[in-house]
C-alpha cells in the first residue's frame, strides 16, 4: 500500500498527467498501471564493497544522496548499477538527464530495462526543482536520479555562488528532505568538482550546488579514479575508489577498509568477480600465495588460478562458486556491523 503524505505540499500533483517533460525511453506513453511500492528499506548500489562500507547492505530509502567527483570517474556507471538493482525489485525509477547524453546502449549492457525506465529532460533550474519535488512526493516513483546537477543549474560569479542561489537551494533541499521522509523515495544527485574563485584567499574545489547540497544531503559519496585497467596497450576500464564523506546513519564498528575500491570495465560496468577476489582476501575467505589464488572447501585447498585476471575469469565461468563466495563475504562482513 502506498504511503500517505502531506496534501498541503504544493509540489504534490499527478506527475504522469500534468508533467509533459516525463517520457519513457522508447515508449510513447506511461503505463496505466503502476506497481505499488514494495521496495525494501535498503537498496544495493551494485558494488559489494560499497554496500559493506555503507553498512546494512546499501543505501537506505527516503534519503538524499550526493555522488560527486571529477569527470570521467564512473559516476554514471555507478548510477546505472543502482537503477539496475532497483529495477530487480520492480521499482519505478525516473532518470533526469540534464545533459541530454543518456547512452541507451551502454545502459542496456549494464542490465537496465530501458522499456520501464522513465526519463525526464528539464530545461531550466525551476523546472528541475519542481520536477524533483513532484516526483519525490508521489507514491508511484521509488527513486529519482539526477545526472547531473552540474548540467543545468547555478551560474557562478567571481565570488562563487550567489547568496540568492544558495538560499533557493537550501529551501529546496529542506523541503525535499521533509517530503521523502514521508514517501520513502530515494533521491540521488550527481555533481562534479569545480574551482571556486576567491579574491582574498586561495581558490578551492567545490561541488556543483554549493554548500546547501553538501549540508542537506544525508549521504555523500566521493568517487575518483585510481588507475587505468589495460589489456596490453589498450585501456579497457578504470580502477576507482569511493569514499563515504558523510553518512548520518553511523555504524558502531567500522569495516576493515576505509573506502570501496572496484573495477569498472567499459563494456560491462562494475566487475563483481574482481570485488569478490579483493574482499575474499580481506576477509581471509580467499588465500593468495604469490600469484596463486585458492579457497578452502570441505577442509581442502582448491586452486582458483594463477594471476588476478585468471582468477577473475575462473569465477565468471563458475557462477555457483561465485555466489557461494559472495554469500560467505556477506556473512563475514556482518561481524563488523
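Please treat every number below as a calculation from the coordinates, not as lab data. Just so it is clear, the structure is predicted and the values come from calculations on it, not from any experiment. Reconstructed Cβ throughout: ideal geometry from the backbone, glycine too, with neighbour counts over all protein chains shown.
Couple of notes before you dig in:
- Size of region 276-336 as Cα extents on the principal axes (Å, biggest first): 30, 23, 22
- Ratio of Rg to Rh over region 205-322 (Cα coordinates, Kirkwood Rh, two decimals): 1.06
- For region 84-135: rounded, prolate or oblate by the Cα gyration tensor [a/c cutoff 1.5]: oblate
- Peptide ranges 304-313, 235-244, 100-109 listed from the most packed, as the mean C-beta count within 10 angstrom indicates: 235-244, 304-313, 100-109
- Note: relative contact order over region 276-336, using C-alpha pairs below 8 Å and six or more positions apart, is 30 percent.
- Alpha-carbon centroid distance for the pair region 98-131 / region 286-332, whole angstrom: 37 Å
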